[in-house]
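Please read the structure below before turning to the comments.
The values are calculated or read from the model by the stated rules, or taken from the named source; none is laboratory data. Bear in mind that the values here come from a model prediction, so they are computed numbers and not experimental data. Because the Cβ atoms are built from the backbone with ideal geometry, glycine has one as well, and the counts that use them run over all protein chains shown. For accessibility, only protein heavy atoms count, side chains too; no ligands or nucleic acids. Shrake-Rupley method; radii C 1.70, N 1.55, O 1.52, S 1.80 Å.
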Amino acid sequence: MTAQQPLTYDAFVRLATADPAVVGLVLKGSRAHDGMTTEHSDHDLYVVLADGATTDLTRLSGRRTPELDLVVLTLGEFRAVGMPGFERYALARARIVLDRLDGGIARILADKARLDADEAFRAAGEWLDAYANSLYRSVKNHRDGQALAARLDAADSVRFLLELLFALDRRPRPYNKYLEWELARHPLPGWDTAALLDAVGRVAATGAVAPQRRLFARVEAVAREAGLGDVLDAWGEDLALMRPR
């Protein structure tokens, strides 16, 4: 395509579909999330090639225009993306445009969308400890008159809390942009979505101690039920600072 005739999404999909080296096309980002597309949304597309295949399409990898953002990679490389990594959620909610592997692309995406039990348990323990650490620091800083530090630590704790809650449900945490979208369609079991969003929003915005402690009381019960009591018990007497008064 010339500079006057940029490569459009539809044109590229036709081009890739006609190429036998291409075994999958996967659309991620706002275009894969119903209701999230805006006038600024491009098409983020993974182009999956058969292992060992050659094609001229590889020269387009990394191409970015206001309409099209391309990543061209082999099937083996595609299996590894986000495992672990930042892209895991994006691919967990991606949309399949082409699957020449009799559902093979769909199975790869399904694996990315679901943490296995051991992985989820390990991750949940790590995120729980990180959450408790930031919460503890926030409450201590508030006590000691360090208002800015208290708010920053509270905001950090929200990140770790969300990672924890999604790990407990064996799901990758959504990006902040898609948090409300995700919870509206796939609520976390045992949590009221509106109440959770209100609580984390309040904590992140204000760093107030009372809402943090109320939230921790709920998290502590959930974590102990999930078998993570040892992580909390390691905090010893410091737990008293985190719990409601």
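Could you check, for region 116-129, whether at least one of its residues is under 18 Å from TRP235 (Cα atoms) and in contact with a Ser or Thr (Cβ under 7 Å, 6 or more places away or on another chain)? No, that holds for no residue. Within region 221-233, is even one residue under 16 Å from ALA155 (Cβ atoms) and open to solvent by 20 Å² or more (accessible area, probe 1.4 Å)? Looking for residues that are under 16 Å from ALA155 (Cβ atoms) and open to solvent by 20 Å² or more (accessible area, probe 1.4 Å), one finds none in region 221-233, hence no. Summed over region 60-110, the residues that are under 29 Å from GLU39 (Cβ atoms), small (Gly, Ala, Ser) and in contact (Cβ under 8 Å) with a residue 24 or more places away in the chain give a count of 4.
Within the group ALA117, ALA194, ALA199, ALA149, which residue is more than 14 Å from the chain's Cα centre (by Cα), in contact (Cβ under 8 Å) with a residue 12 or more places away in the chain, surrounded by fewer than 18 Cβ atoms within 10 Å (Cβ to Cβ) and more than 25 Å from PRO84 (Cα to Cα)? Reasoning before the result, please.
Values: ALA117 fails: more than 25 Å from PRO84 (Cα to Cα); ALA194 fails: in contact (Cβ under 8 Å) with a residue 12 or more places away in the chain; ALA199 fails: surrounded by fewer than 18 Cβ atoms within 10 Å (Cβ to Cβ).
Checking each option against the conditions leaves just ALA149.
Counting just the residues of region 202-211 that are open to solvent by 40 Å² or more (accessible area, probe 1.4 Å) and not hydrophobic (A, V, I, L, M, F, W, C), which one comes out nearest to ASP144 (Cα to Cα)? That would be THR206. Taking region 31-57 as the range and being more than 17 Å from PHE78 (Cβ to Cβ), touching a strand residue (DSSP E or B) at 6+ places or on another chain (Cβ under 7 Å) and among the charged types (D, E, K, R) as the test, the residues that pass are ARG31, ASP42.
Evaluate region 68-76: report whether one residue or more is exposed (fewer than 14 other Cβ atoms within 10 Å of the Cβ) and either at pLDDT 90 or above or assigned to a loop (DSSP other than H, G, I, E, B) (or both). Before you say what the answer is, go through the steps one by one.
In the first step, residues of region 68-76 are kept if they are exposed (fewer than 14 other Cβ atoms within 10 Å of the Cβ); the result is 76.
When the remaining residues are screened for being either at pLDDT 90 or above or assigned to a loop (DSSP other than H, G, I, E, B) (or both), the result is 76.
Yes, region 68-76 has at least one match.
Is one or more of the residues making up region 31-39 over 19 Å from the mean Cα position of the chain (by Cα) and open to solvent by 60 Å² or more (accessible area, probe 1.4 Å)?
Start the filter on region 31-39 by keeping residues that are over 19 Å from the mean Cα position of the chain (by Cα), which leaves 38-39.
The next check asks that each one be open to solvent by 60 Å² or more (accessible area, probe 1.4 Å); those that pass are 38-39.
Within region 31-39, one or more residues are over 19 Å from the mean Cα position of the chain (by Cα) and open to solvent by 60 Å² or more (accessible area, probe 1.4 Å).
Could you figure out which of (1) among the charged types (D, E, K, R); (2) within 28 Å of GLU180 (Cβ to Cβ); (3) at pLDDT 95 or above isn't true of ASP34? Of the numbered conditions (1) among the charged types (D, E, K, R); (2) within 28 Å of GLU180 (Cβ to Cβ); (3) at pLDDT 95 or above, the odd one out for ASP34 is (3).
Residues that are open to solvent by 70 Å² or more (accessible area, probe 1.4 Å) and among the acidic types (Asp, Glu) within region 5-30 comprise just one, ASP10. Restricting ARG214, ARG173 to those that are within 24 Å of ALA149 (Cα to Cα), among the basic types (Lys, Arg) and open to solvent by 40 Å² or more (accessible area, probe 1.4 Å) reduces the list to ARG214. Checking each residue in region 212-245 for being basic (Lys, Arg) and under 23 Å from the mean Cα position of the chain (by Cα) picks out only ARG218. Only one of the numbered conditions (1) open to solvent by 70 Å² or more (accessible area, probe 1.4 Å); (2) under 28 Å from ARG114 (Cβ atoms) is not met by ASP144, and that is (2). In summary, ASP156 fulfils each of the numbered conditions (1) on the phi < 0 side of the Ramachandran plot; (2) open to solvent by 30 Å² or more (accessible area, probe 1.4 Å); (3) not in a helix (DSSP H, G or I) with the single exception of condition (3). Got at least one residue in region 94-106 being assigned to a loop (DSSP other than H, G, I, E, B) and within 27 Å of VAL219 (Cα to Cα)? No; the residues of region 94-106 include none that is assigned to a loop (DSSP other than H, G, I, E, B) and within 27 Å of VAL219 (Cα to Cα).
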